[in-house]
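No lab work stands behind these numbers, since they all come straight from the coordinates. Please read these numbers as outputs of a predicted model, since none were measured by experiment. Ideal geometry is used to build each Cβ from the backbone, glycine not excepted, and the neighbour counts take in all protein chains shown.
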Amino acid sequence: MSEISKIDKKFTIKKIDKETLNIQILDNNLLSSLVGEFNINLKHLEKLTQTNLFFRGNSITVKGSPDNILVVAEAIRFLINKFFLTNTIEKSDIILSVNKESNNEQDSNVKSFAQLIKTPRKSVIARSEKQSNYIKALRENDIVLALGPAGTGKSFLAVSVAITMLMEKKVERVILSRPAVEAGEKLGFLPGDMKEKVDPYLRPLYDALYELFGFEKIDKKIESGEIEIAPLAFMRGRTLKNCFAILDEAQNATETQIKMFLTRIGENSKLVVNGDPTQVDLLNKSHSGLVKSKNILSHIDEIKIIEFDHTDVVRHPLVSKIIKAYQKKTDDQS
């Protein structure tokens, strides 16, 4: 019986034979989070790794093929590291832990946790190497362009970094903007003042803010002007100083509009442009300026460009499959 790992005396993973592992969890809080309510996390891990997991007391026994039980061992290590850093284990972490081991990312823990974002309500980690590079770029570059499909974390991570920098007083304001373009539907006349008219278009940005920082804290910062949410048209003529500004859904902005936004940059500011080139809602899709802007600016060293694909999707696992299916249809027709 050989010991595979022993870390910080919180848990041990021992190989019983070729097809059996025994995991002893010595921290009850860790054990509770790892197993999940009604053993839901273990059941999910079983399904993803094609193994059988048996839980009793402080012990988890893993049975399966030699390769698959080692996948479980590495997944458990990842989840334990995640718990020690963030005090939570979520369903998405289970998927991530298995995918990282399956992709043979031996230093995946280091890459994920190196770019940890701590917010008042939850801690956010990179869920792919590109996400890690994206967070690093958001922290280090003045201008970042991120292109890729829905669910890759472009907006969520940008908002996370922006508000964290605001809380740390590294910037004085956060500005969240997007073009007020309807997503394939005619919504007609919208009643109310200007804020009430544009809020429906900006709701995804509100959702990210509230999830990370809570309603009360965010509403206070919106009232004080530290967080400003406005349509892209309101950016014209301004100089953005000491702020972190995000242009979301930039596939629905023209090349001229994106140029206008980027040239607002002032002293001690960061600008981020996010979008999915495959989801253009403009009546004339050729007017979209996102890919054009990427090509125009790609030679400027100070501007970082990150391109995501379906492998970086961190929503429901079906999202990645849906994106691949639509991409295949597009490729077959071209």
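Given the pairs 217/259; 136/329; 154/328, which span a C-alpha to C-alpha distance of over 31 angstrom in this model?
Numbers: 217/259 33 Å; 136/329 34 Å; 154/328 23 Å.
Exceeds cut-off: 217/259; 136/329.
Along the Cα-to-C-beta direction of residue 300, a point sits 7 Å from the Cα; which residues of the range 145-168 have their amide N less than 12 Å from that point?
145
Take the chain, connect every pair of alpha-carbon atoms lying under 10 Å apart with a spring to form a Gaussian network, then pick out the residue of 133, 252, 268 with the largest mean-square fluctuation.
268
Just want the ordering: 72, 313, from fewest to most Cβ atoms lying within 10 Å of their own Cβ. Intermediate results must be reported in sequence, preceding the final value.
Numbers: 72 27, 313 24.
Ranked by crowding around the Cβ, least crowded first: 313, 72.
Sorted by mean Cβ packing within 10 Å, highest first, what order do the peptides 116-123, 135-142, 273-280 take? Please report the intermediate quantities before stating the final value.
Working: 116-123: 14.5, 135-142: 17.8, 273-280: 21.5.
Packing order, densest peptide first, comes out as 273-280, 135-142, 116-123.
Amide H of residue 146 versus every other amide H placed in the peptide plane: which residues, excluding those fewer than 5 positions away on the same chain, fall under 5 Å?
Under 5 Å from the amide H of residue 146 lie the amide H atoms of 273, 274, 275, 306, each far enough along the sequence or on another chain.
How large is ³J(HN,Hα), in whole Hz, for each residue of the range 259-276 in order, when computed from phi with the Karplus curve 6.51 cos²θ - 1.76 cosθ + 1.60 and θ = phi - 60°, using x for Gly and Pro?
Each residue of the range 259-276 in turn: 4, 4, 4, 5, 7, 7, 4, x, 4, 6, 10, 10, 10, 10, 10, 10, x, 10 Hz.
Quick one: which residues, 5+ away or cross-chain, put their amide H under 5 Å from the amide H of residue 254? H built at 1.01 Å from N.
289
Describe numerically, in nm with one decimal, the distance between label points set 7 Å from Cα along Cα→Cβ at residue 169 and at residue 18.
6.3 nm
Give me, ordered by chain and number, the residues 5 or more places off residue 119 or on other chains with an amide H under 5 Å from its own placed amide H.
Amide H neighbours of residue 119: 124.
What ³J(HN,Hα) values, in whole Hz, does the Karplus curve 6.51 cos²θ - 1.76 cosθ + 1.60 give for the range 130-145 when θ = phi - 60°, with x put for Gly and Pro?
Once θ is set to phi - 60°, the couplings for the range 130-145 become 5, 4, 4, 5, 5, 4, 4, 5, 4, 7, 10, 10, 6, 10, 10, 10 Hz.
Which percent, to the nearest 5, of DSSP beta bridges fully inside the chain are antiparallel? Could you put the intermediate results ahead of the total?
Working: 24 of 49 bridges.
Around 50 percent of the beta bridges assigned by DSSP in the chain are antiparallel ones.
According to the Kirkwood expression over distinct Cα-Cα pairs, how big is the hydrodynamic radius of the chain, in Å? Before the final figure, lay out the partial values.
Values: mean 1/r = 0.0458 Å⁻¹.
This gives a value of 21.8 Å.
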